[in-house]
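What follows is a short report on a single structure.
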Amino acid sequence: MLGRLDEKRIVSAFKWGFLSDRIVETIKKYKKTNSLSEDDREIINDARELLSNILKGEEQYNNGKYNLNALESFVIFNRSMNIISTDEFLTEISSFSADSGIGELVTKMDSTFNKLLESNKLSDDEITLSLIFFDMLRALTLDESQHVLNAYYENRGRRIWAHPTESML
């Protein structure tokens, strides 16, 4: 059985991983069609909520005042910081500097999503930042989920094999 912390990690990783996947697919679809369906709009609103959680995590980290969802906000903030500090991200988004901070990044993505919801046409450059960020977030959450599950099954396997062997001796 997974421990409580591993359960929370895997649930949040799946939650954000699947959401990030839907966001990436919605952005790609928008790039092809220049339009959003009602379902797409809902996904974009979910993306804006996730961005809000990142800012809440940063705020709580900086001021030490925690709310009920502090752990969730901290985790998504931490994952976001991991993404923006990678060479891969900084190479892909040459206009972004790691010194700019997560707040500037989130503000740009939120502005992009707001424009999408207002039916304003966006250039590829305007949506590339969000596309790359969420694509990297989904890859990161997939890696984390895989790590937690692999560790669980490795430990489970050892116990399964250790117990029968001990009882046979």
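The values are calculated or read from the model by the stated rules, or taken from the named source; none is laboratory data. Please read these numbers as outputs of a predicted model, since none were measured by experiment. Please note: Cβ atoms are built from the backbone with ideal geometry, for glycine as well, and neighbour counts cover all protein chains shown.
Are there any helices (runs of 4 or more DSSP H) wholly within region 80-169 with 3 or more residues that are surrounded by 17 or more Cβ atoms within 10 Å (Cβ to Cβ), of a type outside the set (Gly, Ala, Ser) and modelled with pLDDT of 75 or more, and if so which? Talk me through it step by step, then tell me what you get.
Working: elements: 87-92, 102-117, 124-168.
Here the list reads 102-117, 124-168.
Can you spot a residue in region 54-72 that is hydroxyl-bearing (Ser, Thr, Tyr) and under 14 Å from the mean Cα position of the chain (by Cα)?
Scanning region 54-72 turns up no residue that is hydroxyl-bearing (Ser, Thr, Tyr) and under 14 Å from the mean Cα position of the chain (by Cα).
Among (1) hydrophobic (A, V, I, L, M, F, W, C); (2) at pLDDT 90 or above; (3) part of a helix (DSSP H, G or I), where does Ile10 come up short?
Status for Ile10: all satisfied but (2).
Restricting region 46-74 to residues that are of a type in the set (S, T, N, Q) and surrounded by 12 or more Cβ atoms within 10 Å (Cβ to Cβ), which is modelled with the lowest pLDDT?
If we filter region 46-74 for residues that are of a type in the set (S, T, N, Q), which is where we start, we get 52-53, 60, 62-63, 67, 69, 73.
Restricting the remaining residues to those that are surrounded by 12 or more Cβ atoms within 10 Å (Cβ to Cβ) gives 52-53, 60, 69, 73.
Details: Ser52: 93, Asn53: 91, Gln60: 84, Asn69: 69, Ser73: 82.
Within region 46-74, the match that is modelled with the lowest pLDDT is Asn69.
Looking only at region 22-55, count how many residues are part of a helix (DSSP H, G or I) and either under 20 Å from Ala139 (Cβ atoms) or of a type in the set (A, V, I, L, M) (or both).
Summing the residues that are part of a helix (DSSP H, G or I) and either under 20 Å from Ala139 (Cβ atoms) or of a type in the set (A, V, I, L, M) (or both) in region 22-55 gives 18.
List pairs: first residue in region 1-18 and closer than 18 Å to Arg48 by Cα, second residue of a type in the set (Val, Ile, Thr) and at pLDDT 70 or above anywhere in the structure, Cβ distance under 6 angstrom, at least six positions apart or on different chains.
Close Cβ pairs satisfying both conditions: Ser12/Val75; Ala13/Thr141; Trp16/Thr141; Gly17/Thr141.
Quick one: count up the residues across region 27-49 that are under 18 Å from Val106 (Cα atoms), out of contact with any Ser or Thr (no Cβ under 7 Å at 6 or more places or on another chain) and of a type outside the set (D, E, K, R).
Final tally of qualifying residues: 2.
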